[in-house]
Amino acid sequence: MRGEFLDLSNARIYYYAAGTRGAGEPIVFIHGFPSSSHLWSNVVPLVPTGHRVVVLDLLGHGRSDRPVNRGLGIADHAERTVELFDALGIDRACIVGHDIGGGIAQVMAVRYPGRVSRLCLVDSVAFDAWPRRIVKLTRALLPLTRAIPATVLVAAMRAELLGGYVDRERGAHSIDLYLRPFASSEGRDVLVAHLKRLRSRETGVIADEVRAIVAPTSIVWGARDPFVPVSLAERLHAAISGSTVDVISGASHFLPEEAPAGLADILAALMKR
């Protein structure tokens, strides 16, 4: 496993690769807000053999560059992911997306269907349904962000995000990693820029087009997700013809960390469809 940076539209994007280059169908993992490639750490080793695996940090997350006035919308991230495909010589891939990463995957499947061989949506944003609690917190904090110290804003986000874990001890460790890039005045400004782009309009504009997705699709949800309800999994299942839906009882929103083996099994079945 190795980590590298790619320069995409004058921004450095971090990714790491696993598996065998050029062998099998590539699998690309896309995290959500405000996480990073760490989200998939326990899933990647369980991916079926014979596949090239690519795991990235979205712009403004993890090790990737700060946005510096670059777009942070779902469509912007989708465009950069297509650029990443081109830079790595990936023609088509199975895309596994969590949270807003699932929104990015949907945009790619709608706008670049030839680049998406299969789709796995994990506790994903979709349609006009976005994490209500995070959006509510965002609206409450945004008018005050310039006056709030970075440590206070990060603490508020940390407390909110812990609700997305059944295992709070695991969650505390991961959230500290996810929020570390935002724990300075410059980082606070990046976090605010992300918060401003948490808009259901991003997936609402493709709501009707999602029905045209033909890539084999698996929908996976944590039964105890307080941010995006299980009912959204059923809406996606009804909209995407031939999709499957699995609800994992012992998991919350950050399912890839809490149920990596279950997710890997579902992904293995998807790769055979």
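The values are calculated or read from the model by the stated rules, or taken from the named source; none is laboratory data. As the structure is a computational prediction, the values presented were derived from the model and not from experiment. Here the Cβ positions follow ideal geometry from the backbone for every residue, glycine too, while neighbour counts run over all protein chains shown.
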The range 169-189, subset surrounded by 19 or more Cβ atoms within 10 Å (Cβ to Cβ) and modelled with pLDDT of 90 or more, residue nearest to the chain's Cα centre (by Cα) | Y178
Could you tell me whether the range 225-245 includes any residue that is modelled with pLDDT of 95 or more, of a type in the set (S, T, Y) and assigned to a strand (DSSP E or B)?
-> yes
Do we have E160 as more than 23 Å from A75 (Cα to Cα), more than 17 Å from the chain's Cα centre (by Cα) and assigned to a helix (DSSP H, G or I) here?
-> yes
Exception for V190 within (1) more than 20 Å from P226 (Cβ to Cβ); (2) part of a loop (DSSP other than H, G, I, E, B) falls at (2)
Considering the range 37-46 alone, what residues qualify as being touching a Leu at 6+ places or on another chain (Cβ under 7 Å) and surrounded by 21 or more Cβ atoms within 10 Å (Cβ to Cβ)?
-> S37, V43
Residues in the range 6-28: is at least one buried (at least 18 other Cβ atoms within 10 Å of the Cβ), out of contact with any Phe, Trp or Tyr (no Cβ under 9 Å at 6 or more places or on another chain) and among the charged types (D, E, K, R)?
-> no
I95 passes all but one of (1) in contact with a Ser or Thr (Cβ under 7 Å, 6 or more places away or on another chain); (2) in a strand (DSSP E or B); which number fails?
-> (1)
Taking the range 66-83 only, how many residues are touching a residue at least 12 places away in the same chain (Cβ under 8 Å), surrounded by fewer than 19 Cβ atoms within 10 Å (Cβ to Cβ) and not basic (K, R)?
-> 5
G222 modelled with pLDDT of 95 or more and buried (at least 20 other Cβ atoms within 10 Å of the Cβ) | yes
Filter the range 60-79 for residues that are of a type in the set (A, V, I, L, M), assigned to a loop (DSSP other than H, G, I, E, B) and closer than 18 Å to Y15 by Cα and give the result.
-> L72
Can you name every residue in the range 249-273 that is of a type in the set (G, A, S) and in a helix (DSSP H, G or I)?
-> A261, G262, A264, A268, A269
Any residue in the range 102-110 that is surrounded by fewer than 22 Cβ atoms within 10 Å (Cβ to Cβ) and either basic (K, R) or over 10 Å from the mean Cα position of the chain (by Cα) (or both)?
-> yes
